[in-house]
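Peer 1: This is the structure, below, for whatever I ask next.
The values are calculated or read from the model by the stated rules, or taken from the named source; none is laboratory data. Just so you know, these numbers come straight off a predicted model, no measurement behind them. Cβ atoms come from the backbone with ideal geometry, glycine included; neighbour counts cover every protein chain shown.
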Amino acid sequence: GAVVSQHPSWVICKSGTSVKIECRSLDFQATTMFWYRQFPKQSLMLMATSNEGSKATYEQGVEKDKFLINHASLTLSTLTVTSAHPEDSSFYICSAQPRRGGYTFGSGTRLTVV
Amino acid sequence: SQELEQSPQSLIVQEGKNLTINCTSSKTLYGLYWYKQKYGEGLIFLMMLQKGGEEKSHEKITAKLDEKKQQSSLHITASQPSHAGIYLCGAGFQKLVFGTGTRLLVSP
């Protein structure tokens, strides 16, 4: 139990376009989900906390207008990278907390902006 | 905010050797998680520690949390190539933040 599905697993987009990444909790409800970014040879950096039915909470230094987060239901959060540029190329990964505790992670999305 | 520093940053060990990775927090830890990752892939949950002095083991991996709950160590006994990857400690209250990471390579 406690599975998080993330799609797509990889995406290539042109500079200036927007990309949407989905994070779904398959067998539990998640009022809170988290979005992370990871650059090569670096650790995971928390970008924002996604709250169902309300605005996301962004970490310091993360542009909320660039990284739009929508948590419209108890099982789905989306991250949209708007007007993507090559420097946004990274590995993005989401996580959620099932009721039993702990954190369950998606398999991640590798974004390449060309 | 909580900051987690891991050491060493990277490590190369010969297969069969033991190794230890450390995670030091700037604040008291309310739950300390250890994950393993291969870059570009998802995270594999290893262990979670909550109580000061707690120690848990799974196969050849042992994790400890010190009494003051500000430092944790991850010890691998008789390392194998399958242990290679990035080891991350994570902690936080209401959200999980990660340490700086330790990259482990196991040479044959």
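Peer 1: Looking at the stretch B:2-21, is at least one residue surrounded by fewer than 12 Cβ atoms within 10 Å (Cβ to Cβ), closer than 29 Å to residue A:99 by Cβ and not basic (Lys, Arg)?
Peer 2: Taking every residue of the stretch B:2-21 in turn, none turns out to be surrounded by fewer than 12 Cβ atoms within 10 Å (Cβ to Cβ), closer than 29 Å to residue A:99 by Cβ and not basic (Lys, Arg).
Peer 1: Six or more apart or on different chains, Cβ under 7 Å: which pairs go from a residue in the stretch A:91-114 that's more than 10 Å from every other protein chain (Cβ to nearest Cβ) to one that's among the basic types (Lys, Arg)? Could you list them?
Peer 2: A:92/A:37; A:114/A:14
Peer 1: What are the residues in the stretch B:43-62 that are in contact with an Asp or Glu (Cβ under 7 Å, 6 or more places away or on another chain) and in contact (Cβ under 8 Å) with a residue 24 or more places away in the chain, if any? Reasoning before the result, please.
Peer 2: If we filter the stretch B:43-62 for residues that are in contact with an Asp or Glu (Cβ under 7 Å, 6 or more places away or on another chain), which is where we start, we get B:52-53, B:62.
If the condition is that a residue be in contact with an Asp or Glu (Cβ under 7 Å, 6 or more places away or on another chain) and in contact (Cβ under 8 Å) with a residue 24 or more places away in the chain, then no residue fits.
Peer 1: Within the stretch B:45-82, take every residue that is basic (Lys, Arg) and surrounded by 12 or more Cβ atoms within 10 Å (Cβ to Cβ) and give me the one that is farthest from the other protein chains (Cβ to nearest Cβ).
Peer 2: B:60
Peer 1: Hey, residue B:42 hits all of (1) within 11 Å of chain A (Cβ to nearest Cβ); (2) loosely packed, with under 14 Cβ neighbours inside 10 Å; (3) not hydroxyl-bearing (Ser, Thr, Tyr) but one; which does it fall short on?
Peer 2: It is condition (2) that residue B:42 fails.
Peer 1: Another question, if that's okay. Take the residues in the stretch B:98-107 that are crowded, with 21+ Cβ neighbours inside 10 Å and farther than 11 Å from residue B:36 by Cα, then tell me which one is farthest from the other protein chains (Cβ to nearest Cβ).
Peer 2: Here the answer is B:99.
Peer 1: Among the residues of the stretch B:81-90, is any out of contact with any Phe, Trp or Tyr (no Cβ under 6 Å at 6 or more places or on another chain), hydroxyl-bearing (Ser, Thr, Tyr) and farther than 14 Å from residue B:106 by Cβ?
Peer 2: No - not one qualifying residue is present in the stretch B:81-90.
Peer 1: Checking the condition surrounded by 12 or more Cβ atoms within 10 Å (Cβ to Cβ), within 16 Å of residue A:74 (Cβ to Cβ), more than 14 Å from every other protein chain (Cβ to nearest Cβ) and of a type in the set (A, V, I, L, M, F, W, C), which residue from A:28, A:34 passes? Lay out the reasoning, then the answer.
Peer 2: Details: A:34 fails: more than 14 Å from every other protein chain (Cβ to nearest Cβ).
Answer to the selection: A:28.
Peer 1: Working only within the stretch A:1-41, note down all residues that are in a strand (DSSP E or B) and among the polar types (S, T, N, Q).
Peer 2: Hits for the stretch A:1-41 are A:5, A:6, A:25, A:32, A:38.
Peer 1: Looking only at the stretch A:77-103, which residues are aliphatic (A, V, I, L, M) and closer than 29 Å to residue B:89 by Cβ?
Peer 2: A:79, A:81, A:93, A:96
Peer 1: Across the stretch A:37-70, what is the number of residues that are among the β-branched types (Val, Ile, Thr) and within 11 Å of another protein chain (Cβ to nearest Cβ)?
Peer 2: Total meeting the criteria: 2.
Peer 1: Which residue out of B:95, B:27 is more than 12 Å from the chain's Cα centre (by Cα) and more than 14 Å from chain A (Cβ to nearest Cβ)?
Peer 2: Exactly one of B:95, B:27 is more than 12 Å from the chain's Cα centre (by Cα) and more than 14 Å from chain A (Cβ to nearest Cβ), namely B:27.
Peer 1: While we're here: From the residues in the stretch B:83-92 that are more than 8 Å from chain A (Cβ to nearest Cβ) and closer than 16 Å to residue B:49 by Cα, which one is modelled with the lowest pLDDT?
Peer 2: B:92
Peer 1: Return the residues of the stretch A:19-38 that are within 14 Å of the chain's Cα centre (by Cα) and of a type outside the set (A, V, I, L, M); say none if nothing qualifies.
Peer 2: Passing the criteria: A:20, A:22, A:23, A:24, A:25, A:32, A:34, A:35, A:36, A:37, A:38.
Peer 1: I'd like to know if the stretch B:96-108 contains one or more residues that are under 21 Å from residue A:97 (Cα atoms), in contact with a strand residue (DSSP E or B) (Cβ under 9 Å, 6 or more places away or on another chain), not in a strand (DSSP E or B) and not basic (Lys, Arg).
Peer 2: yes
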